[in-house]
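K.L.:
Below you'll find the structure I mean.
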Amino acid sequence: MADVAEIAHEEIEDVEFPDDSHATSTGISNPKLAMWVYLASDALLFGGLISTYLIYKNRPGEIPGLSGSPVRISELFDIPFTSMTTFILLMSSLTMVMSVTSAMRNDQVRMRLWLGTTALLGALFLGGQIYEFTVFVSEGLGYTSNVSSSAFYTLTGFHGVHVAVGILMLVAMLGMSLRQRIHAEAVEVIGLYWHFVDIVWVVIFTIVYLIP
Amino acid sequence: MNENDTDAGHFGKEDPGSEPEKSSGGESAVAAPPSPVVASSAGDDPDVDGRHMGHLDAGHTHGPTDGQYFTIFWVLFALTALEVSTYFWESWFGEGDAVRRVGVTVLLIIMVIKFFLIAGFFMHLRFDSALVRRVFIFGLIVAMVIYTVAMSAMNIWTDNGNPWFDDPPPPITTTTVPEAN
């Protein structure tokens with residue numbers, strides 16, 4: 001009798017939550033909803049940083065009372081190099097989504113393979129960004145050289161930190177998957193974060209690097 | 001049923017009616033079952049019998065397939081290549097205001113398309129609950145409105161580099177009034 005009641009209860013749950021969500025009032029699991037809310041707030045952060053760059057990009061060394069370098073940071077951009085790192089980040093989005101689908105099919109081996117590839121591509125992108133920063137600094141344009149360089153380094157640096165945090169999460173998940181079975185939703189939530197980082201770069205690459 | 005049983009049931013088991021090629025080559029299909037819990041519980045535990053299966057599990061797909069993900073990637077790749085090409089447009093087509101304006105317009109359109117392709121398909125926003133779509137789009141719209149207002153307040157659209165965010169004063173125009181005889 002108790003078994004019948006239990007099965008009936010589960011059937012009711014099926015109707016209310018036919019998807020993979022837990023029994024929440026929103027019908028979406030709490031970690032996933034929390035990640036979406038975080039991403040919405042992160043959009044505000046990056047919106048502020050991009051706006052700041054747009055406001056200051058044409059004002060190198062022109063603040064009265066400050067002796068900034070007259071060189072604009074955009075004069076030092078190496079577009080072919082940055083395009084290559086952009087393609088690398090784009091590829092990492094594909095490998096991330098493949099990792100999520102592998103996890104949902106419970107294919108743990110492929111999930112680990114794609115997670116590792118994503119982390120590797122992310123590290124390559126980050127290496128490219130560090131190299132780019134090094135070149136700019138060697139050209140004489142550091143973080144405090146002028147307002148346009150400060151705005152640029154803050155924006156792209158924040159994005160780089162996001163990539164670094166994403167790599168840490170991917171590596172941590174990879175390590176955990178070697179010891180225990182990983183819940184597919186955990187991979188999906190990290191995937192959301194990773195794709196958002198890619199989306200932000202799509203905007204930065206266009207607005208900061210390509211639009212004159 | 002223990003904790004692991006529930007987890008295994010969440011995404012852990014192939015649908016008995018699913019196509020076999022969906023899992024071919026994977027650990028769950030070729031080698032031993034991915035976890036002993038899944039193998040032992042198949043068929044006799046209603047909680048594991050597909051009740052909480054993921055929405056991309058074989059037989060329950062209402063998102064893109066692997067092939068579609070690759071297609072979207074190649075579209076994104078081509079769009080990015082087109083974006084990068086605009087950097088060379090002035091050397092190909094000659095410098096000019098028209099080339100620059102067309103380039104900027106194309107760049108902004110491509111940026112929006114790429115944005116929604118990644119958000120819609122890779123982030124699964126097109127196939128997910130309407131609530132997450134609303135949360136994300138709300139954040140996006142709020143960000144765009146706030147920063148458009150902020151940038152407008154600092155004369156970003158008309159200013160050409162004045163450090164104090166003021167437009168240059170309008171040119172003084174004088175009119176000569178003819179003397180009356």
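K.L.:
If you rank B:Phe136, A:Phe133, B:Phe127 by fewest surrounding Cβ atoms within 10 Å, what's the result? Working shown, then result.
P.N.:
Details: B:Phe136 21, A:Phe133 18, B:Phe127 14.
Neighbour counts put them in this order, fewest first: B:Phe127, A:Phe133, B:Phe136.
K.L.:
So for A:Met104, A:Met96, fewest C-beta neighbours within 10 Å to most, what's the order?
P.N.:
With the sparsest Cβ surroundings first, the list reads A:Met104, A:Met96.
K.L.:
If you wrap region B:85-131's Cα atoms in a convex hull and average its projection over all directions, what's the area in nm²?
P.N.:
On the way: hull surface 16.2 nm².
Taking the Cα atoms of region B:85-131, their convex hull projects to 4.1 nm² on average.
K.L.:
Label region A:170-212 by shape, choosing from rounded, prolate and oblate, from the square roots a ≥ b ≥ c of the eigenvalues of the Cα gyration tensor; if a/c is under 1.5 it is rounded, and otherwise prolate applies when a/b is larger than b/c, oblate when it is not.
P.N.:
Taking the square roots of the gyration eigenvalues as a ≥ b ≥ c, region A:170-212 is prolate.
K.L.:
Given all pairs of different Cα atoms, what value in angstroms does the Kirkwood hydrodynamic radius of region A:71-136 take?
P.N.:
13.1 Å
K.L.:
A follow-up question, please. What ranking of A:Thr117, A:Thr156, B:Thr148, B:Thr174 emerges when the number of other C-beta atoms within 10 Å of each C-beta is taken as an exposure proxy, fewest first?
P.N.:
B:Thr174, B:Thr148, A:Thr117, A:Thr156
K.L.:
Further question on the same structure: Based on a Kirkwood Rh over C-alpha pairs, give the Stokes-Einstein translational diffusion coefficient of region A:58-212 at 20 °C and viscosity 1.002 mPa s in µm²/s.
P.N.:
On the way: Rh = 16.8 Å.
Diffusion coefficient, whole number: 128 µm²/s.
Throughout, read-outs are computed from the coordinates displayed, never taken from laboratory work. Everything numeric here is computed off the predicted structure, so don't read it as measured data. Every residue, glycine among them, receives a Cβ derived from its backbone with ideal geometry; neighbour counts consider all protein chains shown.
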